[in-house]
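Presented below is the structure to which this report refers.
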């Protein structure tokens, strides 16, 4: 009897201890860091949380250098997660079943390279193709599907380093690239990209966050009001490859110099560049011409008042309205991401610039230092 009583007491004690055990810590956005720990090759993935004195939070995984969540206040002071993403690293890794570039630090070459063919230092190179017969975002094993080395310097600074060997996705040169993300006191995500090579190569890095400033990705971004400071853009063919032309936006749905809602033209226009893809997926040639003090793009969500402004030294920005989302990817909170529920603002060199010598050069030589800078500044408008 005593033995039975003792066993019962031990069981009760175990239950009590379990009940008193602290619940797993989660981020403000509700992410469990333990679900972002995985072994990929010889590297370990993790979730890193950046915070600032204003209470803003940005969560990043070193798998692909991906921004997973961004928590900002709306006009009522309620915190909203304004980017698409997954609540675990395994969905990011599984590119067969849940392919995505959500929040990725893209390299070596963001956007498309025509038929995957480039000539570098006199050598014609065939890169792997993965999108309508072109090489997109560095190929099927681009940096968005590799693990960055990560060092969190302080509460608001994360440094991600990619050591990319010569021949990575057939690109030449041993490249060391560094992405530094800083969450500033004025609610900006300040991103600096740097890279060096030991052999002539090309490089074009960007951030591929999908924004939905309503904080509810069950709603489309059609009501989001967009401004882009650009007089011209680079049109594409039916495989989404730039044609080599630079066209005036005047009198077309590509003109965002006067802010207006995405949905005004996206679903109704007969303009070929928009109609063929059911939205925007184009590069705009920015008027700022590298002046980092100028707002090159701005998006406002009327329902929440959340606003994001973009600053960059790059000559172009890819404005993409999630036209290829189809509900396959089920993201945070179990929400299936349908078409046009997120938008991207990818600061960049022009798509396929290495094959169009009249466009800004993307060549990086040994001894040179690649530099790219992008700032996403969040605020609230009434």
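The values are calculated or read from the model by the stated rules, or taken from the named source; none is laboratory data. Quantities reported herein were computed from a predicted structural model and do not represent experimental measurements. Neighbour counts are summed over all protein chains in view; Cβ atoms, including those assigned to glycine, are modelled from backbone coordinates with ideal geometry.
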Selection count where residues are in contact with a strand residue (DSSP E or B) (Cβ under 7 Å, 6 or more places away or on another chain) and in a loop (DSSP other than H, G, I, E, B), scope the stretch 246-256: 4
Any hit, the stretch 89-106, residues being assigned to a strand (DSSP E or B) and under 23 Å from residue 281 (Cα atoms): yes
Residue in the stretch 40-56 that is closer than 25 Å to residue 221 by Cα, under 20 Å from the mean Cα position of the chain (by Cα) and either at pLDDT below 95 or crowded, with 24+ Cβ neighbours inside 10 Å (or both) present: no
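Residue-by-condition table, conditions (1) touching a helix residue (DSSP H, G or I) at 6+ places or on another chain (Cβ under 8 Å); (2) farther than 21 Å from residue 70 by Cα:
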site: 280; (1), (2): yes, yes
site: 283; (1), (2): no, yes
site: 292; (1), (2): no, yes
site: 299; (1), (2): no, no
site: 303; (1), (2): no, no
site: 306; (1), (2): no, no
site: 313; (1), (2): no, yes
site: 321; (1), (2): yes, no
Residues within the stretch 362-382 that are within 17 Å of residue 312 (Cα to Cα) and either surrounded by 17 or more Cβ atoms within 10 Å (Cβ to Cβ) or free of Cβ contacts under 8 Å to residues at least 60 places away in the same chain (or both), tallied: 9
Residue 139 vs. criteria touching a residue at least 24 places away in the same chain (Cβ under 8 Å) and within 18 Å of residue 40 (Cβ to Cβ): yes
Among the candidates 129, 159, 60, residue that is over 29 Å from residue 309 (Cα atoms) and either in a strand (DSSP E or B) or without any contact (Cβ under 8 Å) to a residue 24 or more places away in the chain (or both): 129
Failed criterion for residue 215 (all others in (1) under 19 Å from the mean Cα position of the chain (by Cα); (2) in a strand (DSSP E or B) hold): (2)
Scope the stretch 271-293; condition touching a residue at least 24 places away in the same chain (Cβ under 8 Å) and loosely packed, with under 14 Cβ neighbours inside 10 Å; matching residues: 289, 290, 292
Boolean, residue 151 is assigned to a strand (DSSP E or B) and in contact (Cβ under 8 Å) with a residue 24 or more places away in the chain: no
Qualifying residue in the stretch 24-39 (condition: at pLDDT below 95 and farther than 30 Å from residue 341 by Cα): yes
Which numbered condition residue 5 fails, given (1) over 18 Å from residue 72 (Cβ atoms); (2) modelled with pLDDT of 95 or more: (2)
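Against the condition out of contact with any strand residue (DSSP E or B) (no Cβ under 7 Å at 6 or more places or on another chain), at pLDDT below 95, part of a loop (DSSP other than H, G, I, E, B) and surrounded by fewer than 20 Cβ atoms within 10 Å (Cβ to Cβ), how does residue 268 come out, does it pass?
Considered against the rule, which asks whether it is out of contact with any strand residue (DSSP E or B) (no Cβ under 7 Å at 6 or more places or on another chain), at pLDDT below 95, part of a loop (DSSP other than H, G, I, E, B) and surrounded by fewer than 20 Cβ atoms within 10 Å (Cβ to Cβ), residue 268 comes out as yes.
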Some residue of the stretch 218-238 being at pLDDT 95 or above, closer than 25 Å to residue 113 by Cβ, surrounded by fewer than 20 Cβ atoms within 10 Å (Cβ to Cβ) and within 23 Å of the chain's Cα centre (by Cα): yes
